[in-house]
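In what follows, a single structure is set out as structure tokens and then discussed.
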Amino acid sequence: MYSGAACQARGPYFLKTQTSNPFPESERSNMQRREFMLKSSFALAAMATSDLWLSRIVAGETPSTKLPILDTYFQVSKAEMDRLLAACLARGADFADLFFEYTVSSILSFEEDTVKSARRGIVQGVGIRAIKGDQVGFAFSEDLTMESMMQAAQAAAAIANDKNARIKAKAIGEISTRNLYPIGELATTTDLNKKLAHIQQANTAAKAYSPKIIRVTCSFTDEVKYLAYANSDGVSWQDMQPLFLFGTTCIAEDGTQRQTGYDAGGGRIGLEYFAKKRDAAAVAKEAARLAVLNLGAQEAEAGPQTVVLGNADSGILLHEAVGHGLEADFNYKKLANYSGRVGQKVASELCTIVDEGLFENMRGTINVDDEGNAPSQTVLIENGTLRGYMNDRISAKQLGVKNTGNGRRESYNYAPMPRMTNTYMLAGKSDPEEIIKSVERGIYAKRFSGGSVDITKGDFNFAVTESYLIENGKITAPLKGVTLIGNGPDVMTKVTMVGNDLKFTDGGWTCGKNGQSVPVGMGIPTVKVSEITVGGTKTKA
């Protein structure tokens, strides 16, 4: 059973070529949930984006229920959706749904004082799913003619083989959703010169930071997804999902030594980010600081050590080591480390962990999940005790629990699965300075470039991009080549202090699982762990 999951800190999405099945053969052969994929032979035609439509969004008319996304981008009637859902149920499926997507994306990169590339793309299609128990028939089409969509619906329906279909689709009614990502100025429709102005500001600030900075690369990536959905329970919704990320990479050189620093900011927000949160120069200076800092870093000692996790970016450890293990698809199949342990103590009593897709403009926030459920504040671990999992439709039904609104998918050509939104640990009572003072010798890990976990076992590894030696209760020398290696459930029992300084990440974390990538957010206060295995290049004395 495939159990890997990984996160990266760059880019709001991954560009990829979709094959007829997103899972390698080695993974597909072990999947307990049957999935059928159909790709239309029709090529996706380029479609012009309506400037009038986009200008209405920029003007502030962002609530998803007020904009005719279905009519504007897909030209599919409710009667046609009724026919497609009926075709999905015709062979005995329990449930069916339709997921329409129209995405406009752009990428602008700047290197060596010039624009290196500028790209803009449009993706359109529909994903059609039929469910029978925990088996999934899934097909998708890039062509939205009724003929092609009906072929996809019939392919999805093949999951069942009962000619006497007992379930009929209910009349479609649109649900109201809140607007958790209000936009002042949508990045996707912003004038190119305005984007370039922010890039040039960052480029100048990074170079001025230190003469040791020899190369600066800036990237401006953004997208807006227009989504429409309907299912056989009669639920339908429409949503406009923006996503924006500004990043800077700096290379510093000192003699034969070279080091790289990276920083980024963004979320489901527009260009007002630069006025409300951080301007482009601040992002660039942080990237330059990290590059120069690591030039003088010393080798880290390998072996078990006390580790203090800095707030914000250390949330990646929480996400990987704990979060993935609490996604319910592996738990109802009893394959995860946390399977069957609800009500049991699984962490230090200092730990309360929550997944919540309700924070305004945050990267992992959603107005509605990809199955028509509202996101929620889901307490996963409370004072060290496991309270529940993150569910989609299938896992909630299998476990007999309430759906938590965590059914997410990368795009129309994937079926949804349980995924995190914004995952965080509640603040504790300790002062962060007192936490550092309590460590005689150890490591302060502040920033990470990514990590991965084996969900079935909980084993993880993380690459640390900013870390320091702690000696006699004080942060001293910067370190390089640090990795953290361990087992998530084990590490969570070794949390001995939790700070009062909860902070969320500001950047581009993208989570990968089972071949799908989705944007996520995370947060954590300063946390002391009594022991984590540190991978380094220096033998511990």
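The values are calculated or read from the model by the stated rules, or taken from the named source; none is laboratory data. Worth saying up front: this structure is predicted, and the values here are computed from it rather than measured. Positions of Cβ are backbone-derived with ideal geometry, glycine not excepted, and every protein chain shown enters the neighbour counts.
Scan the range 326-373 for residues that are in contact with a Pro (Cβ under 7 Å, 6 or more places away or on another chain) and part of a helix (DSSP H, G or I) and the total you get is 2. Screening Phe138 on (1) touching a Lys or Arg at 6+ places or on another chain (Cβ under 6 Å); (2) closer than 19 Å to Arg408 by Cα; (3) outside any strand (DSSP E or B) shows it passes everything except condition (3). How many residues are hydroxyl-bearing (Ser, Thr, Tyr) and within 24 Å of Glu356 (Cβ to Cβ) when one looks only at the range 174-190? Result for the range 174-190: 3.
The residues of the range 293-316 that are in contact with a helix residue (DSSP H, G or I) (Cβ under 8 Å, 6 or more places away or on another chain) and crowded, with 24+ Cβ neighbours inside 10 Å, listed by number, are Val308, Leu309. For the range 418-459, the set of residues classified as within 25 Å of the chain's Cα centre (by Cα) and not in a strand (DSSP E or B) consists of Arg419, Met420, Thr421, Leu426, Ala427, Ile455, Thr456, Lys457, Gly458, listed by residue number. The condition of being among the hydrophobic types (A, V, I, L, M, F, W, C), over 30 Å from Asp369 (Cα atoms) and at pLDDT below 95 holds for only one of Ala541, Ala477, that being Ala541. Can we say Gly458 is among the small types (Gly, Ala, Ser), buried (at least 17 other Cβ atoms within 10 Å of the Cβ) and on the phi > 0 side of the Ramachandran plot? Considered against the rule, which asks whether it is among the small types (Gly, Ala, Ser), buried (at least 17 other Cβ atoms within 10 Å of the Cβ) and on the phi > 0 side of the Ramachandran plot, Gly458 comes out as yes. Residues considered: Val115, Val123, Val104. Of these, the only one that is buried (at least 16 other Cβ atoms within 10 Å of the Cβ), in contact (Cβ under 8 Å) with a residue 60 or more places away in the chain, within 30 Å of Val216 (Cβ to Cβ) and aliphatic (A, V, I, L, M) is Val104. Residues that are under 26 Å from Thr476 (Cβ atoms) and touching a Cys at 6+ places or on another chain (Cβ under 9 Å) within the range 260-285 comprise Thr260, Gly261, Tyr262, Asp263, listed in sequence order. Taking the conditions (1) surrounded by fewer than 22 Cβ atoms within 10 Å (Cβ to Cβ); (2) in the same structural domain as Ser105 (by TED's automatic domain parsing) in turn, Ser232 satisfies each one other than (1).
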